[in-house]
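S.K.: Here it is: the structure, laid out below.
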Amino acid sequence: MKNILLLNGPNLNMLGTRQPEVYGHATLADVERDFATLGTELGVEVTCKQSNYEGQLVEWIQDARETAAAIVMNPAAYTHTSVAILDALNMFDGPVAEVHISDIYQREAFRHHSYVALRADVTIAGKGVEGYAIALRDVVGRL
Ligand code: DQA
């Protein structure tokens, strides 16, 4: 069975309590549970990981070359800063979906630029945590 890797970046472990007016009330556990449930429905296996560390995310993306058919990623603040994450994604051959819970294009100017968007096959922003489901359906459709 094909495996889809869900990666969440820094501060997303605090979902539910982190600025709920921006990110909503669902926790990361809720997001990962719903992602896994949808994966089962779509006939794929999912692996969910979160880290506050850029290098850890880079290593997981490198590992995904051997273990995952597609990546769904919310790189959080590293979206706007990380050439290292972009470089790692550029080594990955399968579909990549970028997710942002908030609409980064309607927020501060520094959030408008995404390095990850240079590689992502699709970017979903501003749909709340429903964006993860949209992204999963999208990448599975590309396999
Ligand atoms: C985010 C948007 C980023 O700008 C921010 O740094 C995050 C979360 C989102 O999901 O809306 O941590 O990626």
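S.K.: Taking the alpha-carbon centroid of each part, what is the distance from the stretch 1-40 to the stretch 47-120 in angstrom?
M.R.: Centre-to-centre distance over Cα atoms comes out at 14 Å.
S.K.: Same structure, new question: Helix-derived [θ] at 222 nm for the chain: sum -39500 (n - 2.57) over DSSP H runs of at least 4, divide by residue count, nearest 500?
M.R.: Calculated mean residue ellipticity at 222 nm is -11500 deg cm²/dmol.
S.K.: Report, by chain and number, residues whose modeled amide H sits under 5 Å from the one on Val72, excluding near sequence neighbours (fewer than 5 apart, same chain).
M.R.: The list, which skips near neighbours in sequence, is Leu5, Leu6, Leu7, Ala97.
Bear in mind that the values in this text are calculations on the coordinates, not laboratory data. Keep in mind it's a predicted model, so treat the numbers as computed, not measured.
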